[in-house]
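Read the structure below first, then the notes.
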Amino acid sequence: RAKTTGNPQADEKLAYQWWKEIFFNSIGDCLTRNDREMVFKCCYDEYAKGDYWRIYPEVLNTLIHLRESGYRPVILSNWDRRLHQTLWDLQLDRFFEKIYISTEIGHAKPDPGAFQHILKDLDIPAKALLHVGDSPEEDIAGALKAGVNAILLDREGRYGYEEDDSRFPVISDLSQLLF
């Protein structure tokens with residue numbers, strides 16, 4: 001595991017403290033410190049459960065087709081260890097060869113180190129990796145800086161990129177990866 005830079009997205013303990021601070025600031029002083037700690041811990045653990053997340057309609061079919069076509073899907077996520085439970089609950093973990101979580105690898109997107117970690121672990125050249133993400137700053141800029149191909153997933157058209165943008169392709173749903 002790489003040394004972290006104090007980024008809560010790249011360190012499990014810092015991520016936990018960051019979420020706790022957001023939670024405490026959100027609820028104010030309506031509970032005693034001990035009660036706030038207990039309620040936070042319950043909420044933190046609860047939101048790892050798949051019940052609180054939804055899968056877009058095309059995701060399962062796309063993942064099945066990618067795997068059947070010989071692709072090796074992996075996840076690179078700026079999240080924390082709870083993602084393992086979420087993916088397991090949603091029965092998505094089985095579609096991915098590997099799951100790279102920023103707090104576990106010590107690098108968070110857009111840090112090129114996150115992408116370089118994957119390239120080294122999978123022992124593939126940068127151009128053999130295609131990163132699909134929904135953030136121009138974290139996903140696309142980070143991937144391109146690491147020499148990795150990138151596609152922007154812009155479901156609502158909120159970024160204003162054209163599908164034929166010369167810098168990177170833009171798709172509105174994952175099934176477009178199959179064409």
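Within the range 8-18, is even one residue surrounded by 11 or more Cβ atoms within 10 Å (Cβ to Cβ), under 30 Å from Gln176 (Cβ atoms) and either of a type outside the set (Gly, Ala, Ser) or at pLDDT 95 or above (or both)? Steps first, please.
Quick first cut of the range 8-18, residues surrounded by 11 or more Cβ atoms within 10 Å (Cβ to Cβ) only: 8-18.
When the remaining residues are screened for being under 30 Å from Gln176 (Cβ atoms), the result is 9.
Still in the list and also either of a type outside the set (Gly, Ala, Ser) or at pLDDT 95 or above (or both): 9.
Yes: one or more hits.
Which of the following residues is among the hydrophobic types (A, V, I, L, M, F, W, C) and without any contact (Cβ under 8 Å) to a residue 24 or more places away in the chain: Leu66, Leu76, Leu90, Leu130?
Values: Leu66 fails: without any contact (Cβ under 8 Å) to a residue 24 or more places away in the chain; Leu76 fails: without any contact (Cβ under 8 Å) to a residue 24 or more places away in the chain; Leu90 fails: without any contact (Cβ under 8 Å) to a residue 24 or more places away in the chain.
None of the others qualify; the one that does is Leu130.
Please enumerate the residues belonging to the range 63-118 that are within 23 Å of Ala146 (Cα to Cα) and of a type in the set (Phe, Trp, Tyr).
Within the range 63-118, Tyr71, Trp79, Phe96, Tyr100, Phe115 meet the criteria.
What about Asp45, is it more than 30 Å from Tyr100 (Cβ to Cβ), open to solvent by 50 Å² or more (accessible area, probe 1.4 Å) and of a type in the set (Asp, Glu)?
Answer is no for this residue.
What residue, of Asp80, Asp51, Asp35, Asp29, is open to solvent by 70 Å² or more (accessible area, probe 1.4 Å) and either closer than 23 Å to Pro110 by Cβ or not in a loop (DSSP other than H, G, I, E, B) (or both)?
After ruling out the rest, the residue left standing is Asp51.
Please state which one of Pro57, Pro110 is open to solvent by 90 Å² or more (accessible area, probe 1.4 Å), modelled with pLDDT of 95 or more and part of a loop (DSSP other than H, G, I, E, B).
Being open to solvent by 90 Å² or more (accessible area, probe 1.4 Å), modelled with pLDDT of 95 or more and part of a loop (DSSP other than H, G, I, E, B) holds for just one of Pro57, Pro110, which is Pro57.
When you go through Leu152, Leu144 one by one, which is the residue that is among the hydrophobic types (A, V, I, L, M, F, W, C) and closer than 24 Å to Glu58 by Cα?
Leu152
Tell me yes or no: at least one residue of the range 135-152 is surrounded by fewer than 19 Cβ atoms within 10 Å (Cβ to Cβ) and in contact with an Asp or Glu (Cβ under 8 Å, 6 or more places away or on another chain).
no
Could you identify the single residue in Tyr52, Tyr161, Tyr56, Tyr71 that is of a type in the set (Ser, Thr, Tyr) and under 23 Å from Trp18 (Cα atoms)?
Every option except Tyr52 fails the conditions.
The values are calculated or read from the model by the stated rules, or taken from the named source; none is laboratory data. All values reported here derive from a predicted model rather than from experimental measurement. Note that we place each Cβ from the backbone using ideal geometry, even for glycine, and neighbour counts take in every protein chain shown. For accessibility, only protein heavy atoms count, side chains too; no ligands or nucleic acids. Shrake-Rupley method; radii C 1.70, N 1.55, O 1.52, S 1.80 Å.
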